[in-house]
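A short worksheet on the structure shown next.
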Amino acid sequence: MITTKGIFKSFAGKTVLSGIDLDIKSGTVFGLLGPSGAGKTTLIKIITGQLGADSGEVHVFGKNVKDLTGDDKKQIGIMMDDHGVYDRLSVADNLKVFCDIYGIPYSGIGKALEEVGLADSAKKPAAKLSKGMLARLKLARVFLIEPKILFLDEPTSGLDPMTMKYIHRLIKARRDAGCTVFLTTHNMEEATVLCDEVALLNEGKIVERGQPSEICRRYNHQKKINIHLKTGGDVSFAHDAESAGEIGRLIEQGRLETIHSSEPTLETVFIELTGRKLEAEEEIRYA
Amino acid sequence: MRNAGVIFKKQLKDTLKNKTVLIQFIMFPAMTLLMENAVKIPDMPELFFTKLFSVMFLGMAPITSAAAIISEEKEKNTLRVLMMANVKPWEYLLGVGLYVWTLCMAGAGIMATGLPASDIPFYLGIMAAGLVISVVIGACIGVFASNQMSATSLFVPVMMVFSFSPMLAMFNDKIEKVARVFYTQQLRVLMNQMSFEGIKTESILILVVNAVLAVVLFFAAFRKKGLE
Ligand SMILES: Nc1ncnc2c1ncn2[C@@H]1O[C@H](COP(=O)(O)OP(=O)(O)OP(=O)(O)O)[C@@H](O)[C@H]1O
Ligand SMILES: [Mg+2]
């Protein structure tokens, strides 16, 4: 559905993307992960034709992006992280503008608002919406056109966990209806639960890719079992037969409080690969 | 082309909600009605306020509102969404321009109510032409500025020069000599003659030069900044 070959891009001599190859299958949720400034937004802009690459090729719907017709573009929904809404217009009027542009009947508005849970706020001016509602309005705006491909640049950044989960459900429902979704995030947990496939972008290169669970398994070379004792101490054991006896004894003696095996998460994989923490910036912001 | 209509319609919906722009459309027409009916000074030229305020309105409202609308849309990143939806820059600018022009013409229609019926076609004709120049100047500022703040700092001086110089020119000859190169002052002169026969070649020439300059500046701004 979406393929890129050897995408290079630099701004004023600073290389942002160096050789990005992607192949995104139809009907999947693809997550592009990477720290702030990695070039995620830049890559979306290149794939959607908003920005030219220095070299490389992008194909969408099997066509070079440069050759996409107006009709092709009408099947692509794009939500960039900085996109705005008309503050003074009501929620419904905001959508009407885009119905008019795309030639969609207004009857689609009710359905789109229903889908994102904003039906009760249709008459509210967009300026009066909460952050989560605003995010859902922007989603309704791209859902409206019933796209075959959705590009979502950080669709849940800065939202509360409830809204985040809600949006995850919406995105999955779209995928189940046959839509291909390309999203970016720096939230590893989100990527794990939401994406069928992810690629980790760091310093201009894709450093790892695949299904989240499969990536984690691949990096499960520590294989440790961590035990928290009732007395408060922590012990960790190797994941092998030798440890079984000792762990069994702890259970028999009733000293065991909790027990976990340490599977890597996307987060720990990323740190291992890059020596960088992905959300460091966000943590500072929320500290 | 259809998208220009969509933009026009969107702006129309925003009119009553957008107080800063709305006041531009209403202020001078309302003041004209008020002053013409309330103030009667002996020896005052006929329809003094209508003519004076018409030219001030023309030099102020379209420049301010076109620049404000475009720069707001840039600042709030709604313009990008439109471009993404395949609205062409010229469709957008045409929609906004037509909207501003139409509402200003409606204002001119209100101001024309005090005129003798025979003068109305001439009055509306020169208002229509002058408003086009002002809309282009406003759009030029809107395109050039990247946010509302910088648009304001640009359109305030420009709008002051064009809308106040005809008034100041009445009181000061030196100002008149400078002001006569502005389209607003020429429209003020035409407004006083109020007939197609009396139009001097000089006025036409100055109007054309003003219009050409506005268009050239507009394209220069557009080439430099686009609608990003
Ligand atoms: N138009 C531009 N001109 C110059 N530099 C740019 C431009 N756009 C992006 N950059 C630079 O490219 C790099 C990647 O930016 P980009 O916005 O793609 O990162 P990102 O991964 O989306 O980050 P974030 O998670 O913060 O959104 C940054 O260093 C940025 O400063
Ligand atoms: Mg980004």
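The values are calculated or read from the model by the stated rules, or taken from the named source; none is laboratory data. Quantities reported herein were computed from a predicted structural model and do not represent experimental measurements. All Cβ positions, even for glycine, are placed from backbone atoms using ideal geometry, and neighbour counts span all protein chains on display. With ligands, DNA and RNA removed, areas are computed over all heavy atoms of the protein, side chains included. Shrake-Rupley method; radii C 1.70, N 1.55, O 1.52, S 1.80 Å.
Some points to look at:
- Peptides A:201-208, A:64-71 ranked from most to least packed give A:201-208, A:64-71, packing being the mean of other C-beta atoms within 10 angstrom over each peptide's residues.
- Principal axis dimensions, largest first and in whole angstrom, of chain A by Cα: 72, 47, 35
- Highest mean first, the peptides A:250-257, A:190-197, B:147-154, A:89-96 sorted by other C-beta atoms within 10 Å per residue fall in the order A:89-96, A:190-197, B:147-154, A:250-257.
- Ellipsoid equivalent to the protein assembly as shown - semi-axes via the Cα gyration tensor, in Å: 62, 23, 21
- Where both bridge residues fall in the protein assembly as shown, DSSP classifies roughly 65% of the beta bridges as antiparallel.
- Accessible-area loss of 20 Å² or more (1.4 Å probe, protein heavy atoms, chain alone versus all protein chains) is found in the stretch B:66-81 for B:Glu72, B:Lys76, B:Asn77, B:Thr78, B:Arg80, B:Val81.
- A 1.4 Å probe, protein heavy atoms only, puts the accessible area of B:Trp101 near 80 Å².
- Placing A:His186, A:His239 in order of accessible area, with the largest value first and a 1.4 Å probe, yields A:His239, A:His186.
- Per residue accessible area in Å² of the stretch B:1-78, where ligands, DNA and RNA are left out and the probe is 1.4 Å: 44 Å²
- In order along the stretch B:167-172, phi translates into HN-Hα couplings of 6, 5, 4, 5, 9, 9 Hz, rounded to whole numbers, per the Karplus curve 6.51 cos²θ - 1.76 cosθ + 1.60 with θ = phi - 60° and x for Gly and Pro.
- Averaged over the residues of peptide A:85-92, the number of Cβ atoms from other protein chains lying within 10 Å of each residue's Cβ is 4.
- Ranking A:Ser213, B:Ser165 from most to least accessible surface, computed with a 1.4 Å probe over the protein chains only, gives A:Ser213, B:Ser165.
- Ranking by accessible area, most exposed first, for A:Phe270, B:Phe164 with a 1.4 Å probe: B:Phe164, A:Phe270
- Exercise: per-residue mean of other protein chain Cβ atoms within 10 Å, A:94-106: 4
- For chain B, calculated [θ]222 nm from helices alone, where every DSSP H run of n ≥ 4 adds -39500 (n - 2.57): -27500 deg cm²/dmol
- Structure-based [θ]222 nm, chain A - -39500 (n - 2.57) summed over DSSP H runs of at least 4, per residue, nearest 500: -10500 deg cm²/dmol
- Degrees between helix A:131-143 axis and first principal axis of chain A (Cα, 0 to 90, nearest 10): 60 degrees
- With a 10 Å cut-off around each Cβ of A:74-83, the average count of Cβ atoms from other chains is 3.
- Here the protein assembly as shown exposes an accessible surface that is 60 percent carbon and sulfur, computed with a 1.4 Å probe and the other protein chains kept in place.
- Among beta bridges identified by DSSP and lying wholly in chain A, the antiparallel ones come to about 65 percent.
- Prolate/oblate/rounded call for the stretch A:221-261, Cα gyration tensor, a/c under 1.5 rounded: oblate
- Sorting the segments A:150-156, A:127-133 by their residues' average number of neighbouring beta-carbon atoms within 10 angstrom, most packed first, yields A:150-156, A:127-133.
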